[in-house]
Amino acid sequence: MTRKQKKTLIRILVAAALLIAVSLLPDIPMRTHIPLLTESVDGAPNYGYALLKWPLYLVPYLVIGWDILWKAVRNIGHGQVFDENFLMCVATVGALALGEYAEAVGVMLFYQVGELFQSAAVGKSRKSIAQLMDIRPDVANVERDGQILEVDPDEVAVGEIIVVRPGEKVPLDGVVVEGASSLNTAALTGESAPRDAAAGSELLSGCVNLTGLLKARVTKEFGQSTVAKILDLVENAASKKAKAENFITRFARYYTPCVVFAALALAVIPSLVTGDWSVWVHRALTFLVVSCPCALVISIPLSFFGGIGGASAQGILVKGGNYLELLAKTETVVFDKTGTLTQGVFELSALNPAPGVSEGELLEAAALAERHSGHPIAQSLRRALGGNIDPDRVTDVQELPGYGVSAMVDGRRVLAGNEKLLRRENIAFQPCGQVGTVVHVAREGKYLGCAVIADQTKPTAPAAVQALKRRGIRTVMLTGDSQAVGEAVAARLGLDEVHAQLLPGDKVNRLEELLKSKSAKGALAYVGDGVNDAPVLSRADVGIAMGAMGSDAAIEAADVVLMDDDPAKLARAMDIARKCLGIVRQNIVFALGVKALFLILGALGKTTMWGAVFADVGVAVIAILNATRMLKTKE
């Protein structure tokens with residue numbers, strides 16, 4: 001509990017104790033000629049009773065309500081008249097004037113209880129986001145002239161060496177040049193399992209070094225680092241309101257003056273007809289207390305704020321409440337392929353040796369022939385072979401652009417490449433018949449077989465697609481890869497549609513067609529990670545980027561960022577969004593329904609000031625408690 005919340009709680013307890021104490025005081029009959037009150041003792045007007053009770057009740061009233069009175073006066077001075085503070089002041093001061101002392105104090109008391117509930121709920125949500133905000137490092141240990149200096153992360157230049165000791169936060173993005181350790185990436189990705197880091201590993205700011213000492217070369221200035229961008233996104237998230245929040249802002253702007261003038265009319269017009277000013281002024285004040293819109297004004301933004309906080313605790317960064325609302329209405333999810341549904345890493349998926357040739361012989365010939373190539377296909381073959389390759393075994397390497405490579409391996413000519421290479425050399429071969437990048441291998445004019453290299457799908461991708469389909473969401477994939485590869489991945493994952501061989505501009509055109517096919521109230525989300533995805537992410541109703549390995553351009557253009565690149569988090573994000581929107585709708589219907597009922601009852605004189613207190617503060621507390629359900633977003 002914060003210091004401010006503790007002070008509010010103490011004020012509530014003190015005011016409640018004083019209210020009870022004053023209420024228990026015996027009535028002392030006194031007759032004067034100062035008509036302050038309409039109460040009576042033994043059937044006769046008790047004018048002096050007011051002189052005794054007024055100052056006693058005024059003490060708890062000021063203890064609990066002085067800040068509301070001050071806010072109302074200050075806001076009126078700033079031209080902001082019709083707000084909840086003004087309504088509370090008019091209603092309670094009027095109740096005091098009518099002699100409804102206990103009710104006046106009670107209204108202020110329960111209003112502050114509602115404010116305390118709101119503060120506690122917002123604090124809990126802020127705590128979830130604070131765990132993300134706590135990733136900001138205070139200092140960086142930079143190595144300069146053989147010494148380790150503690151400096152502000154802003155002062156470290158790209159290319160400098162930083163030292164990260166066990167237990168410290170990584171202050172800047174970089175590449176490990178020395179040391180090995182485990183990293184806690186929970187603040188960035190929501191994943192509790194530590195990740196290993198060694199020389200050559202990418203190091204993201206905001207992670208916590210768990211075990212060994214690491215030295216890393218800085219690759220980005222602090223302002224461009226992962227942690228700085230995440231903090232900026234979180235800090236700006238609240239500025240983007242959902243339509244429901246904007247509705248409440250507009251609603252309160254017109255609603256409040258309307259009910260104030262309606263209460264004024266209720267007090268004056270019937271009183272002029274009947275002459276019974278006391279009854280109708282009391283009803284008007286009750287009407288004002290009921291009309292206070294704090295239940296809506298507080299609970300709806302709190303619901304969206306709680307949704308953003310609950311999502312961030314699971315490694316899903318939502319840049320604003322408006323995107324939560326769109327996520328809840330998503331009908332179609334469009335995926336990029338490489339790096340989104342697949343790992344973006346080529347690996348050997350199959351070996352098809354010719355008769356009389358072993359798989360090991362085929363793989364060794366291919367990997368040795370590709371010994372000096374930096375192409376991802378060549379790297380995947382060398383990884384599959386494993387171990388150290390003796391460079392002396394490979395000589396006379398020739399790159400054959402558009403065909404493959406030729407090399408002397410152990411003194412024998414080996415060819416590794418596509419079908420065009422074998423046809424050019426008049427070597428008979430069998431078509432592979434498998435999807436992926438096919439590397440045919442021949443030695444001394446004899447066909448050895450083929451190796452199939454394919455981008456591996458992410459382990460959670462099939463489950464992610466199925467989870468979306470169970471929620472009634474259409475799934476589409478747009479890829480620049482070949483039609484055969486795209487269809488194979490789509491079939492493996494169970495996607496509804498696939499459009500392949502698309503350039504970045506083609507992706508935008510295809511997305512435009514998909515946007516036209518959705519319903520008027522529905523939304524389309526695009527999920528991608530590459531630089532070429534930035535235009536499509538911006539054009540979609542909701543752009544979702546992969547945060548761990550995604551490009552800076554994609555993350556900047558996106559509205560939602562999955563910090564651990566796990567597509568399975570998509571369904572979770574939509575569940576959070578749908579739950580959030582459901583709670584918002586419940587609060588709107590409940591608050592307006594109860595208020596409408598009690599406004600009618602108040603105007604007819606069928607409810608007391610205590611009923612008005614329930615219709616105002618009680619409804620607000622219930623709506624706030626309902627909104628706090630957004631803070632419980634379990635995995």
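The values are calculated or read from the model by the stated rules, or taken from the named source; none is laboratory data. Please read all numbers here as calculations on a predicted model, not as lab measurements. All Cβ positions, even for glycine, are placed from backbone atoms using ideal geometry, and neighbour counts span all protein chains on display.
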field: Residue within the range 413-423 that is within 50 Å of the chain's Cα centre (by Cα) and touching a residue at least 40 places away in the same chain (Cβ under 8 Å) present
entry: yes
Next item on the list: Could you please let me know if Val357 is at pLDDT 85 or above, within 30 Å of Ala534 (Cβ to Cβ), out of contact with any Pro (no Cβ under 9 Å at 6 or more places or on another chain) and outside any helix (DSSP H, G or I)?
Entry: no
By residue number, the members of the range 350-375 that are surrounded by fewer than 18 Cβ atoms within 10 Å (Cβ to Cβ) and among the acidic types (Asp, Glu) are Glu359, Glu361
Given (1) under 29 Å from Ala568 (Cα atoms); (2) surrounded by 15 or more Cβ atoms within 10 Å (Cβ to Cβ); (3) at pLDDT 85 or above, Ala216 misses just (1)
- Residue within the range 436-457 that is out of contact with any Leu (no Cβ under 9 Å at 6 or more places or on another chain), assigned to a loop (DSSP other than H, G, I, E, B) and crowded, with 20+ Cβ neighbours inside 10 Å present: yes
Here the qualifying pairs (Cβ atoms under 7 Å; residues six or more apart or on different chains; first in the range 438-452 and among the basic types (Lys, Arg); second not in a strand (DSSP E or B)) come out as Arg443/Ala365
Going through the range 93-104 in order, the residues found to be at pLDDT 75 or above and crowded, with 24+ Cβ neighbours inside 10 Å are Ala104
Within the range 256-274, residues being modelled with pLDDT under 85 and of a type outside the set (A, V, I, L, M, F, W, C) number 3
When every residue in the range 376-398 that is surrounded by 13 or more Cβ atoms within 10 Å (Cβ to Cβ) and charged (D, E, K, R) is compared, the one farthest from the chain's Cα centre (by Cα) is Arg393
If you check Asn532 against the conditions, is it crowded, with 24+ Cβ neighbours inside 10 Å and either outside the structural domain of Thr479 (by TED's automatic domain parsing) or at pLDDT below 85 (or both)? no
Just to be sure before I move on: is Val619 part of a helix (DSSP H, G or I) and either at pLDDT 85 or above or not assigned by TED's automatic domain parsing to the domain that holds Ala328 (or both) in the structure I sent?
yes
